[in-house]
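**Q** Attaching a single structure in structure tokens format; questions to follow.
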Amino acid sequence: MLKENMHIAVPTSFNNDESLNTKNTINHIKKIHEKGVNSVLISGSTGEQHSLSLNEKIKIIDDLEKEDHLMENMEIIFGISSIRQKEAEELAKHLKNTRVSAIMLGYSPYIIPSQDEAITYTESIISIAEKPTILYNNPKRTGFDLSSKAILKLAENNLVIGVKDAGEKDKVEKIKNRITKKSFYFYAGGEINLKTKIENGYNRLSSIAGNIYPKEINRWFNNLLANKNLNSQEEQEIEYILNKIYSGNAILNIKNISNQTNEPLGKCRRPIGNITQ
């Protein structure tokens with residue numbers, strides 16, 4: 001079970017020719033761990049997941065497994081999603097016997113499966129991976145919206161521990177009122193409208209801005225959970241951080257900031273960054 005109420009969705013590092021750079025990806029994880037981060041999501045909500053081939057995802061996993069300190073002292077969540085269920089199942093099979101703590105299971109973009117097809121897809125992958133699972137609902141990017149009925153059905157599985165971006169207030173309330181398990185978590189995807197999402201029932205965070213400002217975002221998030229008001233200086237600090245990360249493409253901004261330090265993350269895979277890279 002995942003104990004941390006916030007994880008950082010880390011970007012994947014790429015070389016100038018857009019090939020995978022696992023060394024820099026892992027170095028970034030090490031750096032934010034040194035800053036107090038104990039949970040990360042890899043190959044997940046940074047928008048780069050579907051640019052990665054199955055072999056590249058397996059390469060990331062295999063290189064992570066060599067990092068004993070990270071694997072034994074952090075919650076490593078790995079994203080699984082694919083246009084083809086077969087490839088998602090292959091990735092789940094590879095993850096099964098690793099020290100990865102959990103998976104975040106996303107839905108195929110563009111093809112828009114039926115709810116029953118999505119349930120079958122989910123159940124198959126979970127049964128293979130045998131890992132705690134966060135369902136990832138992202139209709140804005142995939143065109144598919146996992147229904148409250150489907151979420152409740154899938155939550156009957158003891159391995160399903162939460163959902164990311166479940167939906168609006170009414171949907172979250174409906175799920176909360178009908179779910180039977182004691183611990184089921186609602187993850188907000190990123191910091192945009194975070195205060196409103198917490199008011200609507202979200203209680204965990206999949207952070208983007210925490211890649212650069214982990215301590216500040218963690219403090220803000222926990223204050224929101226505790227319903228504590230920020231002072232004017234803290235409000236200005238958060239406003240500055242969100243403007244810096246979310247003005248334009250967040251992942252491109254994070255990589256550009258990191259590349260100016262000793263934590264290079266390389267470029268994005270085009271078309272992301274076509275204008276500015």
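The values are calculated or read from the model by the stated rules, or taken from the named source; none is laboratory data. For clarity, every value in this text was computed on a predicted model and none was experimentally measured. So basically every Cβ, Gly included, is an ideal-geometry build from the backbone, and we count neighbours across all protein chains shown. The area values use the complete protein model at the heavy-atom level, side chains included, leaving out ligands, DNA and RNA. Shrake-Rupley method; radii C 1.70, N 1.55, O 1.52, S 1.80 Å.
**Q** Which percent of the accessible area of the chain is formed by carbon and sulfur heavy atoms (probe 1.4 angstrom)?
**A** 45 percent
**Q** Please report the antiparallel percentage of DSSP beta bridges with both residues in the range 2-105, rounded to the nearest 5.
**A** On the way: 1 of 11 bridges.
DSSP beta bridges in the range 2-105 are roughly 10 percent antiparallel.
**Q** Here is a follow-up. Could you sort HIS94, HIS7, HIS50, HIS69 by their accessible area in this structure, using a 1.4 Å probe and putting the largest first? It would help to have the intermediate numbers written out before the result.
**A** Details: HIS94 65, HIS7 5, HIS50 95, HIS69 115 Å².
The residues order as HIS69, HIS50, HIS94, HIS7, largest area first.
**Q** OK, next. Take every DSSP beta bridge with both residues inside the chain and express the antiparallel ones as a percent of the total, to the nearest 5.
**A** 5 percent
**Q** Rounded to the nearest 500 deg cm²/dmol, what is the calculated helix-only ellipticity per residue at 222 nm for the chain, with -39500 (n - 2.57) per DSSP H run of length n ≥ 4?
**A** When only DSSP H runs of four or more count, the value is -13000 deg cm²/dmol.
**Q** Evaluate the chain: find the radius of gyration of its Cα atoms, find its Kirkwood radius, and give the ratio Rg to Rh. Intermediate results must be reported in sequence, preceding the final value.
**A** Values: Rg = 17.9 Å, Rh = 19.0 Å.
Reported Rg/Rh (Cα atoms, Kirkwood Rh): 0.94.
**Q** Could you check how many percent of all C-alpha pairs in the range 107-237 are farther apart than 22 Å?
**A** Working: 3506 of 8515 pairs.
Tail of the P(r) past 22 Å holds 41 percent of the pairs.
**Q** Can you tell me the accessible area per residue over the chain, all protein chains present, probe 1.4 angstrom, in square angstrom?
**A** So the chain comes to 48 Å² accessible per residue, rounded to a whole number.
**Q** Using +1 at the Cβ of each Lys and Arg and -1 at the Cβ of each Asp and Glu in the chain, identify which of VAL100, MET1, GLY273 lies farthest towards the dipole's positive end.
**A** My answer, from the dipole projection, is MET1.
**Q** So how much accessible area does SER147 have, in Å² to the nearest 10, using a 1.4 Å probe?
**A** 30 Å²
**Q** Separate question: Which GluC sites (Glu not before Pro) does the range 16-106 hold that lie in a coil by DSSP with at most 13 other beta carbons within 10 Å?
**A** GLU18
**Q** If you don't mind, another one. For Cα pairs less than 8 Å apart in space and 6+ apart in sequence, what is the mean separation divided by the residue count of the chain, i.e. the relative contact order in percent?
**A** Rounded, it is 20 percent for the chain.
**Q** Not counting ligands, DNA or RNA, and with a 1.4 Å probe, what is LEU2's accessible surface area in Å² rounded to the nearest 10?
**A** 10 Å²
**Q** Still on this structure: Protein chains only, probe 1.4 Å: how do GLU199, GLU4 rank by accessible area, largest first?
**A** GLU199, GLU4
**Q** Also, quick follow-up: What accessible area, in Å² to the nearest ten, does a 1.4 Å probe give for MET71?
**A** 10 Å²
**Q** Can you tell me which lysines have their Cα less than 26 Å from the Cα of LYS169? Leave out same-chain residues fewer than eight positions away.
**A** Within the straight-line limit of under 26 Å, LYS169 reaches these lysines: LYS3, LYS140, LYS149, LYS153, LYS181, LYS182, LYS195, LYS197, LYS228.
**Q** For the range 20-107, what is the convex hull volume of its Cα atoms per residue in Å³?
**A** Once divided by residue count, the hull of the range 20-107 is 85 Å³.
**Q** Next question, about the same structure. At 1.4 Å probe size, put ARG141, ARG269 in order of accessible surface, largest to smallest.
**A** Sorted by accessible area, descending: ARG141, ARG269.
**Q** About its Cα centre, how strong a charge dipole does the chain have in debye, to the nearest 20, once Lys and Arg get +1 and Asp and Glu get -1 at the Cβ?
**A** Dipole of the chain, to the nearest 20 debye: 360 debye.
**Q** HN-Hα J couplings of the range 107-113 from phi, Karplus 6.51/-1.76/1.60, θ = phi - 60°, integer Hz, Gly and Pro as x?
**A** Each residue's phi maps through the Karplus curve to give 10, 4, x, 6, 6, 6, x Hz.
**Q** Using amide H atoms built 1.01 Å from N in the peptide plane, name the residues 5+ places from ASN21, or on other chains, whose amide H lies under 5 Å from its own.
**A** SER13, PHE14, ASN15
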